[in-house]
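**Q** Would you mind keeping the following structure in view while I ask a few things?
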Amino acid sequence: MNRSAPARAPHIACFDLEGVLVPEIWIGVAQTTGIDELRLTTRDVADYSQLMRHRLRVLDEHKIGINTIRAVIADLGVLPGAREFLDWARQAFEVVILSDTFYDFAAPLMRQLDWPTLFAHQLVIDDAGMIRDFRLRMPNQKQAAVQAFQSLNFTVLAAGDSYNDTDMLLAADHGFLYQPSAQVMADFPNLPVVDDLISLKAALASVAGVDAD
């Protein structure tokens, strides 16, 4: 019996959250608390675990708990045009948010984006509301997710802005750096760069052969 090659499944688009669809949460916390040490993000520090350990030390030193962070997040809102962009993307592709944020405080932002599928991590919070540790879903979950989708015969599109996105972007069939810092862009010169959500939409539509309207 002759067997034809398996049909190529629809495209799946994987987006980072902070810096692409919503503001950087930790910068918001830094601005609210006045603690500049919390301004560091994955644009500045390539090792995510190292960055999180730094954040937890600072939170502990200043006795800042989960409720303070949740209050900041509740006031952040999403970036201009993010909801409309995501609405378009979900009509054109399957969509997954691959983020190094935490389920423990992402809900207000997910609500504003109409609850997209989110792959994130978890925090360890004690009875007093202090954040004591973090649990990664797995090392380099973004790259692993892209490769898993490809193993299911999806063509993967991806966009992210920081060092912790680059393995995802390199693994994807089409990966785009979104408003990266000059250093990230210099360190990954072969990744195409887009400057806003309109340009990202056009780039995704072009490689996938779909309508950008």
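**Q** Looking only at residues in the range 1-23 that are part of a loop (DSSP other than H, G, I, E, B) and at pLDDT 90 or above, which one is nearest to Ala171 (Cα to Cα)?
**A** My answer is Asp16.
**Q** Quick one: in the range 90-128, which of the residues that are out of contact with any strand residue (DSSP E or B) (no Cβ under 9 Å at 6 or more places or on another chain) and within 17 Å of Ile25 (Cβ to Cβ) is modelled with the highest pLDDT?
**A** Applying the filter and picking the extreme gives Arg111.
**Q** So, in the range 117-172, exactly how many residues are in contact (Cβ under 8 Å) with a residue 24 or more places away in the chain, of a type outside the set (Gly, Ala, Ser) and farther than 23 Å from Gly209 by Cα?
**A** Result for the range 117-172: 20.
**Q** Right, Leu152: of a type outside the set (S, T, N, Q) and in contact with a Phe, Trp or Tyr (Cβ under 9 Å, 6 or more places away or on another chain) or not?
**A** So Leu152 does not fit the description; no.
**Q** In the range 40-59, how many are modelled with pLDDT of 90 or more and closer than 27 Å to Leu86 by Cα?
**A** Matching residues across the range 40-59 total 0.
**Q** Do we find a residue being surrounded by fewer than 16 Cβ atoms within 10 Å (Cβ to Cβ), within 20 Å of the chain's Cα centre (by Cα) and under 24 Å from Val146 (Cα atoms) anywhere in the range 29-43?
**A** Among the residues of the range 29-43, not one is surrounded by fewer than 16 Cβ atoms within 10 Å (Cβ to Cβ), within 20 Å of the chain's Cα centre (by Cα) and under 24 Å from Val146 (Cα atoms), which makes the answer no.
Yes/no per residue for (1) touching a Leu at 6+ places or on another chain (Cβ under 6 Å); (2) among the aromatic types (Phe, Trp, Tyr); (3) surrounded by 15 or more Cβ atoms within 10 Å (Cβ to Cβ):
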site	(1), (2), (3)
Leu59	no, no, yes
His62	no, no, no
Ala71	no, no, no
Pro80	no, no, no
Ala89	no, no, yes
Glu94	no, no, yes
Asp104	yes, no, yes
Asp127	no, no, no
Met138	no, no, no
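**Q** Asn67 is checked against (1) crowded, with 21+ Cβ neighbours inside 10 Å; (2) at pLDDT 90 or above; (3) among the polar types (S, T, N, Q) and fails just one. What number does that condition carry?
**A** (1)
**Q** Ok, one more. From the set of residues in the range 148-169 that are of a type outside the set (A, V, I, L, M, F, W, C) and surrounded by fewer than 15 Cβ atoms within 10 Å (Cβ to Cβ), which is modelled with the highest pLDDT?
**A** Within the range 148-169, the match that is modelled with the highest pLDDT is Ser151.
**Q** Report the residue count in the range 170-211 for those that are in contact with a Ser or Thr (Cβ under 7 Å, 6 or more places away or on another chain), surrounded by fewer than 20 Cβ atoms within 10 Å (Cβ to Cβ) and at pLDDT below 95.
**A** Of the residues in the range 170-211, 0 are in contact with a Ser or Thr (Cβ under 7 Å, 6 or more places away or on another chain), surrounded by fewer than 20 Cβ atoms within 10 Å (Cβ to Cβ) and at pLDDT below 95.
**Q** Find the residue count for the range 24-43, including only residues that are of a type in the set (Val, Ile, Thr) and part of a helix (DSSP H, G or I).
**A** Adding up the residues that qualify gives 5.
**Q** A further question on this structure: Restricting attention to the range 197-210, and to residues there that are in contact (Cβ under 8 Å) with a residue 24 or more places away in the chain and not β-branched (Val, Ile, Thr), which single residue is farthest from Pro23 (Cα to Cα)?
**A** Ala208
The values are calculated or read from the model by the stated rules, or taken from the named source; none is laboratory data. Nothing here was measured: the structure is a model prediction, and the numbers come from that model. Ideal geometry is used to build each Cβ from the backbone, glycine not excepted, and the neighbour counts take in all protein chains shown.
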